[in-house]
Amino acid sequence: MARSARALRRVLLAALALAVVLGFGLRQVWGAADPRQAAGAMTVANRTSASFEQPAAGLTPAERERHQAADVLFDRTHVPLEGPPGAGLGPRFNAASCVACHVRNGRGRPLMGESLVRVALRDGQPVPELGRQVRDRAVLGARPDAAVTVAWQERNRLRRPLVQLQADPSVDLSERSVARSLRVAPPLIGLGLLEAVPEAAILEHADPDDRDGDGISGRPHWLEEPGGKQRLGRFGWKAISPSLQEQTAAALLNDMGLTSPGDIGRRELDLITFYSQTLGAPRTALPATSPVVRRGRELFDSLQCARCHVPQLATGRSAAAVAGVINGQTFWPYTDLLLHDMGVGLDDGVAEKGAPGREWRTAPLWGLGLAQRVNGSVGFLHDGRARSLEEAILWHGGEAAAARERFRALAPQQRRWLLGWLQQL
C-alpha cells in the first residue's frame, strides 16, 4: 500500500515538473499571458455560430445586465417617427438596424442590404448630389440617392466588384466622374480592448517615413477636430473614428439616417456603444503548443506579416473604463491600428478624411477561422472580394507586396501550415 502511494507521488511530481517546464517554455515564447486567450480576461470559450455575440468574460453582474439591455437596442429595427420631417429612420438609409449589416456581430456580405457604397469625386471632394455615401433605400414618400447594383470581374482567379450607380439622368454618376467603394461591415469583437490601447503604444509601431528601410511605413491617422485638436483614428476601414461612440453615432446617421441626440437619445447612444465595447473575442481553437500554431506562426513571422498585423497589444488603466475588466489586459488582435499603402489593386479612389484610396487600416485577424461558421459565407477585405484567406493575401500589394511574393514562393505544405494557423484564430 505504502509502495503504491510512493509510486503515485512520483508520478504526480513528474507531471508537475513537466507542467512547470512547459509553462516556462510558453512564457519564453509568448510572454506571461496565454495567446490562446485572444482577448485576455475578456475571452469567451464559445466557438459556435454565436461566438461573436457573447458578452465579454469578466464583466460584473451589473455590467453584464447593462450589456444585455444594450443588446436589445442593438437589435432594434428602426422606423420613421411622428414629428418633424425626417424624424426616425431615414428619409434615406442603407439598413434599418445594426444587425442587418453586422449579422451575428460578424462581417457583412457584399450584398446591398448588408453592405454600402462610399463615393467621392475623382478630385477627392464629396459628390454634390450624394455626399460621401449612397443611401440606396428610402422611406415612403422619399427617393433613394441612387440604385446600386454590384457585378464581379474575375481575372487570374481573383475577383473585384464593379459597382454601378443609377439615379436621375441629370446627375453625372459615371465612373469617370465618381469613384465608388463597396464596403462590408467588419466584425465587432473585442472593440473595447482596441479602444483602450494607449496612443503611445500604437505610435510605437508607426514609421511613416520608413526610416528603418524595411518597406513598411504604417502611419497614424490623425483626425483634426474643431479648435485644431488632433485625435488618433482607430475604427473603420480607414481609421476615420477616434472612439467607438463616434463610430456608432456616425453609423446611425449615415447608414440609418438617425441623428443623435434627436432620433437617438444620449442614453440609447451610450448603451449601443457599451454593447460593442463589452463584446468578448473567442479563444483560439488550438493551444500555443500545437504544431499547427507553432509552424504557422513561424511562417507568419518569416513573411513579415507581423510587421503590420502586430500580434500582441495591451490596454492601459483608467478609472473611466466602461468595464473594469478592460483595464490592464494583454490581448492578441493582430493589428497595429495604423494606415498602410496596400497598392493599386486595392485602390478604390475614395479618400476619407485624408486617407487616400490605397491606404487601409490593418484589419484585426482574431476570429478569422469562425467567419464561415458565424456568417454562413466568407468575404474578406473591405469589400468582401476575397472568398478565401489565400485570395485575401494575394490581393496585398504596396507595403505588403514583398510579403505576398514570399507567400507565393512557399511550398504547398508551408501554405497549408500558414493558412491552417490563421483558420484556428
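The values are calculated or read from the model by the stated rules, or taken from the named source; none is laboratory data. Computed from a predicted model, the values in this text were never measured in an experiment. Glycine gets a Cβ as well: all are built from the backbone with ideal geometry, and neighbour counts include every protein chain shown. Accessible surface areas use protein heavy atoms only, side chains included; no ligands, DNA or RNA. Shrake-Rupley method; radii C 1.70, N 1.55, O 1.52, S 1.80 Å.
Can you tell me which residues in segment 238-258 are part of a loop (DSSP other than H, G, I, E, B), surrounded by fewer than 20 Cβ atoms within 10 Å (Cβ to Cβ) and in contact (Cβ under 8 Å) with a residue 60 or more places away in the chain?
240
Can you find a residue that is assigned to a helix (DSSP H, G or I) and touching a helix residue (DSSP H, G or I) at 6+ places or on another chain (Cβ under 9 Å) anywhere in segment 282-289?
No: zero hits.
Is at least one residue of segment 179-194 open to solvent by 20 Å² or more (accessible area, probe 1.4 Å) and touching an Asp or Glu at 6+ places or on another chain (Cβ under 9 Å)?
Looking through segment 179-194, at least one residue is open to solvent by 20 Å² or more (accessible area, probe 1.4 Å) and touching an Asp or Glu at 6+ places or on another chain (Cβ under 9 Å).
Of all residues in segment 81-119 being among the basic types (Lys, Arg) and in a loop (DSSP other than H, G, I, E, B), which is surrounded by the most Cβ atoms within 10 Å (Cβ to Cβ)?
For segment 81-119, the residue satisfying everything is 107.
What number of residues within segment 77-104 are within 22 Å of the chain's Cα centre (by Cα) and on the phi < 0 side of the Ramachandran plot?
Summing the residues that are within 22 Å of the chain's Cα centre (by Cα) and on the phi < 0 side of the Ramachandran plot in segment 77-104 gives 10.
Just a yes or no: is a residue in segment 374-386 crowded, with 17+ Cβ neighbours inside 10 Å and part of a helix (DSSP H, G or I)?
Checked against the condition, which is being crowded, with 17+ Cβ neighbours inside 10 Å and part of a helix (DSSP H, G or I), segment 374-386 yields at least one hit.
Quick one: in segment 203-237, which of the residues that are assigned to a loop (DSSP other than H, G, I, E, B) and of a type in the set (Asp, Glu) is least open to solvent (accessible area, probe 1.4 Å)?
Only one residue tops the list, namely 207.
Go through (1) more than 26 Å from residue 49 (Cα to Cα); (2) open to solvent by less than 60 Å² (accessible area, probe 1.4 Å); (3) among the acidic types (Asp, Glu); (4) at pLDDT 95 or above and name the single condition residue 199 misses.
(2)
Would you mind telling me which numbered condition in (1) modelled with pLDDT under 95; (2) of a type outside the set (A, V, I, L, M); (3) open to solvent by less than 30 Å² (accessible area, probe 1.4 Å); (4) over 16 Å from residue 350 (Cβ atoms) residue 131 fails?
It is condition (4) that residue 131 fails.
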